[in-house]
Amino acid sequence: MSYEGGDVMSIEELAKKIDFDYVHIRYNVVVEGPAIKPEDDPDVKKILPTEEPFRSIALAVLKADLKGVEEKVKEALKKIDPVKVIENGLGKGMDAVSALYAKALYFLPDVMLSADAMMAGVKLCEEKLGKATKKKGTVVSFVAEGDPHDIGKNLVVMFLRANGYEVIDLGRDVPNKEVIEAIKKHKPIMVTGTALMTTTMTAFPAIAEMMKKEGISVPVFGCGGGAVKRDFVESYDFSVYGVKAHHAPKLADAALAGKTWKELRYEYPKVVGEFVAEYADRMG
Ligand code: B12
């Protein structure tokens, strides 16, 4: 549509010239036509659970409805295991947020609000899980240098603490040197690292190299986070690819029982006690 400078066009004239097939519709701004609800997006539809109360919980995360998340999670926890509430409800909501963010239909503020809503639900699950009093051993957890994404790491820490581990939580964007210092100081049974960005995941092999140079080691260096895949994690020493946060205490238990990182790479599904698609070739 061209507009010649100086001409003033009436709304009616303008409307006649608009090709409605090319008018963009965003979720939060209806330019023309009806707004599409986030839950009606085809990718989101594939992710959202159909079963209640998981669906309502996931929807509340998707819509960043913090109060709604709290109410629904409180209700769900009366009869459902907190791990299931996180994995099948809160986690799915965040997966749906990720899908819309990847398509540039959600923006950083949307993601941050949904992340806060999810963490409010996780906090309630954490209270329900309780914290075991007797400590089984020490684990050091961190998010890779330069990486601000700490939701997955927080879940890992929560599950480890609930299962009786003392966790030294180094936080996010942790310099590699700090991880090495913490290993020397606390002599953990396991270290967990999380990386969500391709630019930050290289911290893991760098840390493994630093350990070798310093002549130190850890029984298991569990590495996870959206950026990494099994192949990458298995390209350096001490490491085991961690798929789900609730697998972390199972890996730590196995390390306490004397399993090595080399054994854990091949026994992962057996150790965590469930089907893990990422290890489908090592199920037997
Ligand atoms: C939430 C989010 C944010 C939030 C983070 C809030 C927070 N406190 O974490 C905010 C809004 C701050 C953010 C910011 C940015 N983000 Co962001 N973000 C996301 C998003 C949508 C979801 C990530 C998430 O939390 N997932 C859920 C958690 C639970 O998953 P997880 O950490 O992987 O953990 C699971 C497993 O991996 C496992 N796990 C993890 N660690 C371990 C360890 C062990 C031992 C085990 C067993 C298991 C395990 O447990 C969990 C499941 O149970 C992703 C999109 C996506 N598809 O992932 C983008 C994404 C990660 N972000 C991205 C980017 C680029 C950014 C920004 C740089 C954007 C920008 N241009 O400014 C900024 C960072 C700015 C900075 N300071 O550097 C990119 C990274 C691209 C890449 N491959 O490098 C992604 C992939 C989006 C995209 N498709 O482009 N982001």
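The values are calculated or read from the model by the stated rules, or taken from the named source; none is laboratory data. This one's a predicted model, so the numbers in the text were calculated from it and none came from an experiment. Virtual Cβ from ideal backbone geometry, glycine too; neighbours counted across all protein chains shown. Side chains included, ligands, DNA and RNA excluded: accessible areas come from the protein's heavy atoms. Shrake-Rupley method; radii C 1.70, N 1.55, O 1.52, S 1.80 Å.
Taking amide H atoms as placed 1.01 Å from N in the peptide plane, the amide H of G146 lies under 5 Å from those of D173, V174, each 5 or more residues away in sequence or on another chain. Taking every C-alpha pair closer than 8 Å and separated by at least 6 residues, the mean separation divided by the residue count of the chain gives a relative contact order of 12 percent. Measuring with a 1.4 angstrom probe and ignoring ligands and nucleic acids, R282 comes out at about 40 Å² accessible. Each principal axis of segment 94-171 carries a Cα extent, and these read 46, 30, 15 Å when sorted largest first.
If R0 is taken as 45 Å, the Cβ-Cβ distance between A15 and K123 corresponds to a FRET efficiency of 0.35.
Centre-to-centre, using Cα atoms only, segment 80-140 and segment 181-248 are separated by 22 Å. Comparing I168, I183, I36 in a Gaussian network model of the chain (Cα springs below 10 Å), the most mobile by mean-square fluctuation is I36. Could you point to the residue in P188, F142, A245 farthest towards the positive end of segment 137-282's charge dipole, with +1 and -1 charges on the Cβ of Lys/Arg and Asp/Glu respectively? The residue sitting most towards the positive pole is P188. Helical runs assigned H by DSSP (4 residues or longer) give the chain a calculated mean residue ellipticity at 222 nm of -13500 deg cm²/dmol, each run adding -39500 (n - 2.57) before division by the residue total.
For segment 123-212, the square roots a ≥ b ≥ c of the C-alpha gyration tensor eigenvalues yield an a/c of 1.5 or more together with a/b not exceeding b/c, which makes the shape oblate. Ordered by 1.4 Å accessible area with all protein chains kept, K213, K229 run largest first as K213, K229. Within straight-line reach of K128, meaning a Cα separation under 25 Å, sit the following lysines at least 8 residues removed in sequence or on another chain: K63, K67, K72, K74, K78, K79, K84, K92, K136, K153, K244, K250. Using a probe of 1.4 Å on the protein chains alone, the accessible area found for V167 is around 10 Å². Sorted from longest to shortest, the spans of the Cα atoms of the chain along the three principal axes equal 78, 46, 35 Å. Run a plain Debye calculation on segment 181-284 (Cα atoms as equal point scatterers, no solvent) and give log10 I(q)/I(0) at q = 0.18, 0.21, 0.24 Å⁻¹, rounded to two decimals, same order as the q list. Result of the Debye calculation: -0.83, -1.13, -1.43. With R₀ fixed at 35 Å, the C-beta to C-beta distance from K187 to A102 puts the FRET efficiency at about 0.30. The 1.4 Å probe gives accessible areas that order L14, L124, L62, largest first, as L14, L124, L62. Ignoring aspartates and glutamates fewer than eight residues from K229 along the same chain, the ones with Cα atoms less than 16 angstrom from its Cα are D237, E278, D281.
For segment 32-145, the alpha carbon positions stretch 60, 39, 23 Å along the principal axes, listed from largest to smallest.
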